[in-house]
1. When you scan the range 397-427, how many residues do you find that are crowded, with 18+ Cβ neighbours inside 10 Å, over 28 Å from Ser39 (Cα atoms) and either touching a strand residue (DSSP E or B) at 6+ places or on another chain (Cβ under 6 Å) or not hydrophobic (A, V, I, L, M, F, W, C) (or both)?
2. Return yes when Pro111 is out of contact with any Asp or Glu (no Cβ under 7 Å at 6 or more places or on another chain), crowded, with 16+ Cβ neighbours inside 10 Å and in a loop (DSSP other than H, G, I, E, B) and no when it is not.
3. If a residue must be within 21 Å of Glu35 (Cα to Cα) and polar (S, T, N, Q), how many such residues does the range 76-100 contain?
4. How many of the residues in the range 364-394 are on the phi > 0 side of the Ramachandran plot and either assigned to a helix (DSSP H, G or I) or hydroxyl-bearing (Ser, Thr, Tyr) (or both)?
5. Of all residues being of a type in the set (S, T, N, Q) and free of Cβ contacts under 8 Å to residues at least 40 places away in the same chain in the range 57-110, which is farthest from the ligand (Cβ to nearest atom)? Just the residue, please.
6. Restricting attention to the range 114-140, report how many residues are assigned to a helix (DSSP H, G or I) and either away from the ligand (no atom under 13 Å from the Cβ) or closer than 13 Å to Ile246 by Cα (or both).
7. Being hydroxyl-bearing (Ser, Thr, Tyr), at pLDDT below 95 and closer than 22 Å to Val314 by Cβ is the requirement here; does Ser152 meet it?
8. In the range 357-372, which residue that is farther than 19 Å from Ile392 by Cβ and within 16 Å of the ligand (Cβ to nearest atom) is surrounded by the fewest Cβ atoms within 10 Å (Cβ to Cβ)?
Amino acid sequence: MSTYDTALASDPEVAGLIHRELTRQQTTLQLIASENFTSPAVLAASGSVLTNKYAEGYPGRRYYGGNQIIDEVEDLARNRATALFGADHANVQPHAGANANLAVYQALLEPGATVLAMRLDHGGHLTHGSPASITSKIWRFVSYGVTPEAPSGGGPGEVIDFDQVAHVAKSEQPALIVAGSTAYSRIIDPQPFREIADSVGALFMFDAAHPAGLIAGGAHPSPVGVADVVTLTTHKTLRGPRGGAILCRSDLAKKIDSAVFPGLQGGPLEHVIAAKAVAFAEASRPEFRQYAAQVVANAAALASALAGHGFRLVSGGTDNHMVLVDLRPFDAELTGKEAQEVLDRAGITCNRNTIPDDPRTPFVTSGLRLGAAAQTTAGMGTAEMQVIAGLIARTLQARTDEGEIAAVRSEVALLCASFQPYPDLLG
Ligand code: DSN
């Protein structure tokens with residue numbers, strides 16, 4: 001019996017599913033760059049009785065009674081967020097990073113206003129103006145991308161093209177410039193974006209969904225105080241519960257808060273906000289600085305080991321928690337879709353991803369995105385990253401050989417057994 005079986009004795013069907021997912025997380029490698037293992041304290045807070053409470057509004061201004069303690073919870077989360085990031089104001093209510101971005105656009109822009117953000121096929125997020133996202137139906141997005149792939153032995157390639165950012169900003173006169181990405185493996189320096197935004201009188205939003213934990217842990221430069229607004233997710237490198245948050249200057253606080261509620265969302269998820277408070281406190285401890293540095297070291301080790309196995313690294317390598325791999329030099333026929341599927345069967349969980357100027361569709365892709373944040377939480381170091389790179393190469397080389405895939409699957413389970421994220425939870 002696991003903890004969940006006991007608590008969910010009345011619903012063995014759901015208990016069984018949670019139990020199976022726990023076992024999956026305990027016996028396979030979690031390399032999705034946007035995932036992590038939260039602490040038991042975060043799990044406890046997000047599974048608490050705070051889920052019972054309705055609290056539309058903000059501390060001190062709620063539309064429901066009985067929120068005295070909930071106000072303390074949300075104030076604690078806000079105060080911990082502002083202290084952690086050195087921000088004037090925090091809104092901890094966004095249910096997700098996408099909601100945080102939408103709320104910022106709603107707060108700062110008139111419908112139809114122009115926004116300059118990263119191209120989706122170069123690493124931008126859906127909320128950075130995908131035709132499939134409501135963002136592009138309300139606002140007019142123009143884009144910048146990365147520089148071309150460097151010729152072999154040449155200088156840096158596939159890095160943010162600041163000449164293009166400046167050029168498009170000048171010609172399109174955006175009201176807002178957005179920095180940030182879901183698939184970019186280099187440090188995003190906020191300063192050049194600030195200068196370009198100032199040169200055209202635009203506001204500047206930094207979407208820190210991915211590097212939030214690296215920023216909190218001092219491994220990446222902070223955009224707080226440089227950008228007008230910073231959005232983040234709390235569950236990726238920051239290692240908290242699934243959710244979003246917004247940091248901003250005091251003069252924008254009222255607009256941002258009104259855009260989140262009542263503009264976009266109803267009742268805040270106070271159990272998740274409590275879990276965010278736990279995560280903000282965890283991220284302010286010295287151990288988290290070591291964690292952030294180890295994540296970066298592990299991603300670099302994974303990248304260089306993969307390069308040694310014949311994969312091409314997009315942007316030439318990594319400075320953050322993720323590695324974007326071009327599969328074509330390893331095997332011209334191998335798509336990201338097939339690679340993701342076969343790695344899944346070998347117990348290596350990751351996601352396919354487009355690479356800049358990918359000749360294949362986003363559903364098929366020529367790339368894989370890998371992240372080191374979760375397995376670093378589980379205690380892995382650079383030596384394990386080299387082992388993982390070898391297992392990935394072996395699996396993809398033998399992708400039609402079920403015996404070899406099963407052998408890798410066993411080795412993965414053996415490796416994971418020594419690095420348990422939840423040693424006290426029985427899988
Ligand atoms: N799904 C997130 C990611 O994987 O990067 C972005 O929303």
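1. Qualifying residue count for the region: 1.
2. In short, no.
3. Counting residues in the range 76-100 that are within 21 Å of Glu35 (Cα to Cα) and polar (S, T, N, Q) gives 2.
4. 1
5. If we take residues in the range 57-110 being of a type in the set (S, T, N, Q) and free of Cβ contacts under 8 Å to residues at least 40 places away in the same chain, then Gln68 is farthest from the ligand (Cβ to nearest atom).
6. Final tally of qualifying residues: 6.
7. yes
8. Phe363
The values are calculated or read from the model by the stated rules, or taken from the named source; none is laboratory data. These numbers come from a predicted model, not from an experiment. A quick note on method: Cβ atoms are made from the backbone with ideal geometry, for glycine too, and the neighbour counts reach across all protein chains shown.
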